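Colleague: My questions will all concern the structure given below.
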Amino acid sequence: MKERKQLPFAASADYINRYFSGVQHDIAIVLGSGLGGFTAHLSDKKILKTVDVTLYPQSTVAGHSGEIVSARLADKRVLVFSGRVHYYESASTVNSAVTAIVSNQLGIENMVLTNAAGILNESFDPGDLMLIRDQINLTFRNVVVDLGSSPEKSQRIYSEQLVSKVYAAAEKAGVNLKAGVYLGLTGPSYETAAEVKAYRILGGDAVGMSTVQEAIFAQSVGMQVVGISCLTNYCTGITSQKLSHEEVTEIGAKVDEKFSRLLSGLIELL
Ligand code: HPA
């Protein structure tokens, strides 16, 4: 990101840094809806509630605990954001990228963005994990522009280096990993059948309401970023089943074991 202005959330980053005694983390991980169970696999944990962090935007969504956890996994220090802020909660790309903005100010170089997503590609099943190979940003907004800077010209957002490591971790952990394109929307409504048809034609494999701004910001400041979607449901029109947020969090709990094996394997390979 060129002509860098003063970044927002400097006070939040400073509070987090002091709370965790200035420990340097190897990787930041954002846990999407229903995926908070990953923190049970970490040791040497110190937990901070986001409500206690100076000027930190709050999430109001069920399944997002609003915690920042500093912990150890193997020989690495990890900073986990359990829960995130969605664009639709405050109509702010900057708030929705707070995890990446704060991680950058804490000097963290690697970032894993996870989310719950709906299935557009019929060859995938609920409970599958999908490595995000690329994204379609249908929020029509860009956090880097909203921060007053010019976006990078390079549009390779997801790190090939981390992508290779996720594949290696999946193979080692025996996880059948799918791969595809994440299509990001503002939400908060789920898609209509006609929208789902359009998004499939556009080339999306999974759809969700997060991740794209965090990824754009992280890449713009030179962080290595990778994304993993937990596919929770077929989108409207692909099946006649009605969608609910409960279904999304329930599937998250069911995939916890394989999701944690994959993430742990990735961290070990850093
Ligand atoms: N659509 C959008 N976002 C989602 C979905 C969905 O079907 N499932 C989980 N997040």
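Colleague: Select the strands (runs of 3 or more DSSP E) contained entirely in segment 177-270, then report the ones holding at least 1 residues which are within 14 Å of the ligand (Cβ to nearest atom), at pLDDT below 95 and buried (at least 19 other Cβ atoms within 10 Å of the Cβ).
Modeller: It comes to 224-234.
Colleague: For the subset of segment 105-153 comprising residues that are charged (D, E, K, R), more than 14 Å from the ligand (Cβ to nearest atom) and outside any strand (DSSP E or B), which member is nearest to ALA169 (Cα to Cα)?
Modeller: Going residue by residue through segment 105-153, those that are charged (D, E, K, R) are 109, 122, 125, 128, 133-134, 141, 146, 152-153.
Of the ones still in play, those that are also more than 14 Å from the ligand (Cβ to nearest atom) are 109, 133-134, 141, 146, 152-153.
Checking which are outside any strand (DSSP E or B) leaves us with 109, 141, 146, 152-153.
Details: GLU109: 19, ARG141: 33, ASP146: 35, GLU152: 30, LYS153: 31 Å.
Among residues in segment 105-153 that are charged (D, E, K, R), more than 14 Å from the ligand (Cβ to nearest atom) and outside any strand (DSSP E or B), the one nearest to ALA169 (Cα to Cα) is GLU109.
Colleague: Next question. Among the strands (runs of 3 or more DSSP E) contained in segment 3-91, which hold 3 or more residues that are under 25 Å from SER220 (Cβ atoms) and more than 16 Å from the ligand (Cβ to nearest atom)?
Modeller: Filter on segment 3-91 gives 27-31, 76-82.
Colleague: Taking ARG18, is it modelled with pLDDT of 95 or more and out of contact with any Lys or Arg (no Cβ under 8 Å at 6 or more places or on another chain)?
Modeller: It is true that ARG18 is modelled with pLDDT of 95 or more and out of contact with any Lys or Arg (no Cβ under 8 Å at 6 or more places or on another chain).
Colleague: Next up: Looking at the structure I just gave you, is GLY174 farther than 17 Å from MET111 by Cα, within 14 Å of the ligand (Cβ to nearest atom) and of a type in the set (Gly, Ala, Ser)?
Modeller: no
Colleague: So how many residues does segment 152-173 have that are closer than 16 Å to ALA215 by Cβ and over 20 Å from the mean Cα position of the chain (by Cα)? First the steps, then the outcome.
Modeller: So in segment 152-173, the residues closer than 16 Å to ALA215 by Cβ come out as 152, 154-163, 166.
Remaining after also requiring over 20 Å from the mean Cα position of the chain (by Cα): 152, 154.
Going through segment 152-173 one residue at a time, the tally reaches 2.
The values are calculated or read from the model by the stated rules, or taken from the named source; none is laboratory data. This is a predicted model, so every value here is computed, not measured. A quick note on method: Cβ atoms are made from the backbone with ideal geometry, for glycine too, and the neighbour counts reach across all protein chains shown.
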